[in-house]
1. Hand me the list of helices (runs of 4 or more DSSP H) wholly inside region 326-416 holding 2 or more residues that are within 28 Å of the chain's Cα centre (by Cα), under 23 Å from HIS81 (Cβ atoms) and in contact (Cβ under 8 Å) with a residue 12 or more places away in the chain.
2. Go through region 416-444 and give me each residue that's of a type in the set (Val, Ile, Thr) and surrounded by fewer than 22 Cβ atoms within 10 Å (Cβ to Cβ).
3. For region 240-254, indicate whether the set of residues that are open to solvent by less than 10 Å² (accessible area, probe 1.4 Å), farther than 21 Å from MET197 by Cβ and part of a strand (DSSP E or B) is non-empty.
4. Of these, ASP642, ASP703, ASP691, which one is closer than 26 Å to LEU605 by Cα, modelled with pLDDT under 85 and open to solvent by 50 Å² or more (accessible area, probe 1.4 Å)?
5. Looking at this structure, is LEU503 under 30 Å from LEU554 (Cβ atoms) and modelled with pLDDT under 80?
6. Using the structure shown, decide if VAL179 is under 16 Å from ALA18 (Cα atoms), in contact with a strand residue (DSSP E or B) (Cβ under 8 Å, 6 or more places away or on another chain) and outside any loop (DSSP other than H, G, I, E, B).
7. Go through (1) open to solvent by 10 Å² or more (accessible area, probe 1.4 Å); (2) modelled with pLDDT of 70 or more; (3) under 28 Å from the mean Cα position of the chain (by Cα) one by one and return the number of the condition HIS518 breaks.
8. Please tell me if PRO414 is within 13 Å of THR369 (Cβ to Cβ) and either touching a strand residue (DSSP E or B) at 6+ places or on another chain (Cβ under 9 Å) or among the polar types (S, T, N, Q) (or both).
Amino acid sequence: MTPRGTGEVPLGRALLRAMRETGASGAMLYELAPDAPVLRLAALSGIPPPVLDPWKRIALAAPLPVAVAARRRRLVWAAGHQQLAREFPRTAVALPYDFALGAAPLTDGSGCLGAVVLVWPAGHPPELSEAERTAFETACRRLAGLLPTGGAPDGPLVVVPPPAREVGADEALAAVDYVERLPGGGCALDLEGRITMLSTGAAELLGVATARMLGRRPWEVLPWLAGPVFEDRCRAAVISRRPVSFTALRPPRQWLAFRLFPDGRGVSVWISADEERDPVARRPAEALPVRAAQMYHVLHLAAALTEAVGVKDVTDLFAEQIVPAFGAHAMLMYAAEAGRLRTIGQRGYPPEAVEAYEGVPLGTANSPTVRALATGEPSFYTSAEETERHFPGLAKLTGMAARAVLPLIVSGRPVGCCVLAYRHPRTFTPEERQVLTSLAGLMAQALDRAFLYDTKQQLAHDLQAGLLPHRLPPVPGLAVAARYLPSTRGMDIGGDFYDLIRLDEHQVAAVIGDVQGHNAAAAALMGQARTAVHAYATAGAAPGEVLARTNRLLADLGQDLFTSCLYVHLDLRSHLACLASAGHPPPVLRYPSGRTEVLRTPPGLLLGIAPDTRYAATTIVLPPGALLALYTDGLVERPGTDPDEGVAALAADLAAARCTDPDALADAVLSRRGTRTERRDDVALLLLAPDGPKASHVPQAADGPEASRGPDRADGKADREADGEAGAAGADRAGETEGDG
């Protein structure tokens with residue numbers, strides 16, 4: 001990005017005036033794009049342009065200060081890095097430096113035109129003064145009158161402040177002589193890090209000719225400065241407007257000290273030999289500041305947190321990414337619930353230390369965690385002695401000497417606290433403290449989302465458990481096995497349902513269905529569908545009529561959700577089964593010998609589409625010792641495969657299973673179908689075996705990945721007799737009848 005203005009154009013003059021009158025050290029002007037809800041960077045001053053590359057275009061809905069200011073049309077203020085980390089953790093992680101920030105909307109009376117961001121040096125008071133606020137508001141009105149700019153094809157206007165003063169040729173030469181006489185050497189960098197002046201002494205210390213360095217960045221020419229240290233320190237100096245220093249090893253044995261002094265035009269760097277440092281005492285890798293070595297883990301955690309859904313996901317990610325990155329020996333994470341501490345994750349702490357504070361009231365416990373939650377401020381204890389002074393007995397109880405205590409705050413509300421602990425004394429550098437504070441902001445928002453997700457999960461589990469039958473009724477002469485496995489994605493709530501309905505001493509009905517969707521509405525409709533089927537069945541309606549009446553009810557509800565359903569009426573004396581289907585996958589009949597057959601019943605229209613739909617019924621004879629398998633499509637459908645292939649595979653799995661007991665057979669089929677791991681859809685399975693011993697069943701409570709199972713049962717009559725000619729394809733089948741709905 002090449003500077004295109006030094007304050008000559010009206011927009012540049014207005015931006016410099018805003019900085020001068022408010023005392024800000026940097027400014028960014030955004031205008032609202034005419035064709036999209038996007039803020040685009042129009043002008044900037046006092047900030048290294050490469051720093052803003054990720055923020056040239058910002059979605060108006062983004063959780064960033066400038067977007068919030070434009071969207072809500074109000075001033076957004078962050079007095080320092082800690083406040084920025086609490087309220088805008090993404091910004092704080094990307095810019096882990098100490099500075100104050102204010103963002104305000106630019107309006108024309110009828111709508112928002114954009115926003116301006118002003119940056120103040122580190123150490124600004126917690127609030128804007130009255131004079132600063134008035135100057136800020138005046139600057140906003142002035143800048144709004146210069147929008148829109150129409151955008152520039154070669155990027156934002158970069159406004160360079162004028163030099164501190166004009167000098168003549170003689171004074172300029174005297175300044176060069178002054179620099180050359182001093183021990184060590186100096187160089188000047190512009191805001192983008194390019195060298196604009198290099199003294200002879202500095203060139204000698206760096207070991208490179210002056211001509212080779214001018215106009216280039218030091219880390220582009222010198223391999224031993226090519227790490228993130230030099231660039232990071234330059235940015236820290238410019239953004240915080242504070243002098244910074246660091247050391248680097250010039251191979252093979254020369255340690256050099258760099259001191260950086262910033263202003264709005266660039267950075268003055270003084271370089272000297274570090275005579276006090278033993279050239280062999282440290283390895284070159286140790287020249288990197290700890291923060292730079294940790295940034296990979298920080299960014300990796302930030303990316304991973306976008307995919308974390310539950311509380312355990314968040315705590316595990318923190319333990320796996322940040323604990324080793326910062327060399328910690330232990331981690332403890334608390335949630336603040338109902339005025340008490342609750343442990344939600346820990347690594348490396350002795351059990352007695354965890355139990356000591358579990359459930360203690362926040363108002364009575366004396367611990368760094370409680371203090372951090374009360375004040376909202378992070379705290380750092382560098383040794384066991386320091387910890388002991390503030391919290392007697394804590395170091396001995398935990399076995400930890402140093403600790404970083406990070407409150408997790410969202411919108412001023414504490415959601416928890418995280419502790420990184422060390423067995424040995426440790427000093428936390430200012431950079432580490434800033435990065436950890438930024439991480440706490442990210443963690444707080446991720447944890448807040450995770451709490452909400454887990455609450456929804458529990459609600460979904462409770463709703464699912466309430467809508468599915470807790471126990472199927474025992475039926476003499478019929479063995480039953482039922483399984484329900486929720487999807488492993490989303491809310492773990494869906495519309496799969498099943499039921500077993502006793503009609504009289506010798507007749508029973510079985511139903512299985514699947515409501516479209518995976519949400520609370522689908523689950524609610526599932527409950528209505530199951531109740532309707534149960535009511536119409538017990539009223540004595542024929543299978544086709546049961547579906548027709550249920551369909552009419554669901555269509556009248558007008559919920560725009562559709563339901564597949566398979567209804568089976570069993571006469572246990574005659575072994576006749578009457579089936580009616582509303583777009584549901586076909587059942588599978590397993591003969592006593594193990595052979596299987598897919599029963600292709602008339603599919604019918606899904607329930608809830610057309611209120612006057614009629615449903616055909618098919619009657620078959622179940623041979624003694626046969627078993628009927630009803631299921632939902634989650635058991636047979638896979639992405640990119642033909643559903644008929646999945647049904648055929650299920651039939652093959654039923655045939656291949658050696659067992660005949662319905663419970664054992666259900667477990668074998670689920671294992672063969674791979675449903676114990678990842679499931680993209682809910683799975684329901686209902687196995688019916690006439691002539692089997694009665695069986696009770698407790699369905700899964702929808703709170704875990706494994707389906708529950710009822711008590712063991714005796715084997716049925718499988719393989720006692722030949723298949724015979726009875727069955728779905730047999731000549732004795734009663735054929736198809738049409739429901740009178």
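The values are calculated or read from the model by the stated rules, or taken from the named source; none is laboratory data. If you're wondering where the values come from, they're calculated on a predicted model, not measured in any experiment. Here the Cβ positions follow ideal geometry from the backbone for every residue, glycine too, while neighbour counts run over all protein chains shown. Keep in mind that these areas ignore ligands, DNA and RNA; they rest on the heavy atoms of the full protein, side chains included. Shrake-Rupley method; radii C 1.70, N 1.55, O 1.52, S 1.80 Å.
1. Of the helices (runs of 4 or more DSSP H) lying wholly inside region 326-416, those with at least 2 residues that are within 28 Å of the chain's Cα centre (by Cα), under 23 Å from HIS81 (Cβ atoms) and in contact (Cβ under 8 Å) with a residue 12 or more places away in the chain span 368-375.
2. Initial filter on region 416-444 (of a type in the set (Val, Ile, Thr)): 419, 427, 429, 435, 437.
THR427, THR429 - these are the residues of region 416-444 that are of a type in the set (Val, Ile, Thr) and surrounded by fewer than 22 Cβ atoms within 10 Å (Cβ to Cβ).
3. No; the residues of region 240-254 include none that is open to solvent by less than 10 Å² (accessible area, probe 1.4 Å), farther than 21 Å from MET197 by Cβ and part of a strand (DSSP E or B).
4. Working: ASP703 fails: closer than 26 Å to LEU605 by Cα; ASP691 fails: closer than 26 Å to LEU605 by Cα.
Of the residues listed, the single one that is closer than 26 Å to LEU605 by Cα, modelled with pLDDT under 85 and open to solvent by 50 Å² or more (accessible area, probe 1.4 Å) is ASP642.
5. On the way: under 30 Å from LEU554 (Cβ atoms): yes; modelled with pLDDT under 80: no.
Criteria not met by LEU503.
6. Numbers: under 16 Å from ALA18 (Cα atoms): no; in contact with a strand residue (DSSP E or B) (Cβ under 8 Å, 6 or more places away or on another chain): yes; outside any loop (DSSP other than H, G, I, E, B): yes.
So VAL179 does not fit the description; no.
7. (2)
8. Working: within 13 Å of THR369 (Cβ to Cβ): yes; either touching a strand residue (DSSP E or B) at 6+ places or on another chain (Cβ under 9 Å) or among the polar types (S, T, N, Q) (or both): yes.
Yes, satisfied.
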